[in-house]
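The values are calculated or read from the model by the stated rules, or taken from the named source; none is laboratory data. Source: prediction; values computed, not measured. Quick reminder, even Gly has a Cβ in these numbers, built from the backbone with ideal geometry, and neighbours come from all protein chains shown.
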């Protein structure tokens, strides 16, 4: 029968029993644990047997009158176990502890066996079971961890690695505030010292990959002119000076080094220099000549003025002229053999002199433009094409006449290249009406080669536009009513390709101005409305410049056109593409043909004033005209030889000849008598 007494009456006794259970578990897991009960030996028994019936009394312990047999069996290979053998009579007695008498008192009773015995005796206390399990788990884990640690130490004989020792050192340093402060202080002091002391500073910057640059100008001590191809050494690098006598170094180390300057026939220079952070301009250095010197004086053939930056060379020796045109060439001469000297300048013909080794007199030269002048002459009875230097030297036959040429042939030289366009009837080809057909031929003056571009009833040259020649080809054998009888074409000499820009029954006017081709188709036999158009010579950027049909077009200034639209007149701006209606017909309807210089600074045009021809050079930047030549009989064609020199034609009863003149002054120089040929000074149609 179940007891009705409250459980709190026996709680103190249960706590004492629980404490005993905990003590026994500790002794089982750790044999070194002292035994508080001297009667019970320490250590884990190999076998525990419970054979006698035991009476367990616990407060408020439930009894279900069930019996179980327990017994203990010993085995040499199995751990001790608790065997139920007799029923246990449990009584609920207030204040009495739960007791169990082992059969073999000489063996220690395991707490785990006791807990199992209590459990099997149907003494179910969850708190006790949980406490026992937790203590056993903690003690077991601690014991295993200790054993693993000892085993690991026994097998771990590895020495710490270098990286490990370094990490350990920095770890100890980092966790030591005094060491950290001392290290930072030393670094600051060292950095300040390295910045203050140049040697340390340059070493530190070089170590971090900092590099600098340097430049030096080398001059001839006797002339104060720059020396070319002088060998300059810095930091083991060797650099040659340029035309301005300057040697430049890049990405070189900082610090003290030796500057070495050497050139044959000059005393060498060796000097200590310090290269700092930055560009390091080392200034000018003079070289003292020690070889043989030869003197020259150079001037412009057309203007007579001295020429600067003209170079004289002989072998590896060279020198430049000063602003007075004076040159002193220093040569490492050791024998009496003649000295060969070459004199060169930009856009000038190269001159070669052979001088006696002992001749120390000054040699005078007049420098001539290096571009050939091309002209037509009938001195042989045929219209032959020649080329010649402007001083009359080196004349050469380029293209012999065939005898079938008419006198209306045209030559149009390219403004910058050694090319010339020729329109003539030299092919002796006729149409069905026995009319001679015109042929367009491109001549390369560098090798006198020719290319036949077109042949038609007539070819009218308009102008060069860059590398392209713009012309109008009038088709042969076609009806006058053909809406495409006239074809506007540009020819690319570099690719040998032709591009048709437009076609019409005829064009009212065509012109090249400021890089564009302007053309005004006629409305005759046209179904669509016509206007004034402009397009690049390669066919790109085509657009309408003026919406109405243009009857006539005049270039009245470098930046404007005057347009005739029926009875009305307009001014059209070439830069802004704007038009402005004029009150009436302009007083001057003479169209100007502008020819730009190779560098684009000036543009030549021809005018008639007081019965004389006048050549003017329009300054494109300043928007002003400079008179170059004023002479009776002066006419076109006019062309540039270089940026300072030009050719024009004189046609009078006494002569027809071509002359050369300089923008820098001087009298015109006659080149050669020529045959009069037509100019591209206006458009015509038929």
For residue 207, indicate whether it is surrounded by 12 or more Cβ atoms within 10 Å (Cβ to Cβ), within 28 Å of residue 274 (Cβ to Cβ) and either within 37 Å of the chain's Cα centre (by Cα) or at pLDDT 80 or above (or both). no
Scanning region 274-292 residue by residue, those under 20 Å from residue 246 (Cβ atoms) and either out of contact with any strand residue (DSSP E or B) (no Cβ under 6 Å at 6 or more places or on another chain) or part of a loop (DSSP other than H, G, I, E, B) (or both) turn out to be 276, 278, 279, 280, 283, 288
Among the residues of region 504-525, is there at least one that is under 20 Å from residue 405 (Cβ atoms) and either assigned to a strand (DSSP E or B) or in the same structural domain as residue 383 (by TED's automatic domain parsing) (or both)? no
Among the numbered conditions (1) more than 26 Å from residue 532 (Cβ to Cβ); (2) assigned to a loop (DSSP other than H, G, I, E, B), tell me where residue 583 comes up short. (1)
Right, residue 686: surrounded by fewer than 14 Cβ atoms within 10 Å (Cβ to Cβ), within 28 Å of residue 520 (Cβ to Cβ) and either at pLDDT 95 or above or out of contact with any helix residue (DSSP H, G or I) (no Cβ under 6 Å at 6 or more places or on another chain) (or both) or not? yes
Inspect all residues belonging to region 567-584 and state whether any of them is closer than 22 Å to residue 414 by Cα and out of contact with any helix residue (DSSP H, G or I) (no Cβ under 6 Å at 6 or more places or on another chain). no
Which pairs have Cβ atoms under 6 Å, sit 6 or more apart or on different chains, and link a residue in region 669-685 that is closer than 19 Å to residue 401 by Cα to one that is assigned to a loop (DSSP other than H, G, I, E, B) and at pLDDT below 90? 678/408
Taking only region 351-369 into account, find how many residues are part of a loop (DSSP other than H, G, I, E, B), without any contact (Cβ under 8 Å) to a residue 60 or more places away in the chain and surrounded by 11 or more Cβ atoms within 10 Å (Cβ to Cβ). 1
Checked against (1) closer than 20 Å to residue 384 by Cβ; (2) surrounded by fewer than 21 Cβ atoms within 10 Å (Cβ to Cβ); (3) modelled with pLDDT of 95 or more, residue 500 satisfies every condition except (1)
Positions within region 554-591 being in contact (Cβ under 8 Å) with a residue 60 or more places away in the chain and under 15 Å from residue 509 (Cα atoms), in sequence order: 591
Residue identified as free of Cβ contacts under 8 Å to residues at least 40 places away in the same chain, in a strand (DSSP E or B) and closer than 24 Å to residue 485 by Cα among 459, 453: 459
Any residue in region 223-235 that is surrounded by fewer than 20 Cβ atoms within 10 Å (Cβ to Cβ) and either under 27 Å from the mean Cα position of the chain (by Cα) or farther than 23 Å from residue 292 by Cβ (or both)? yes
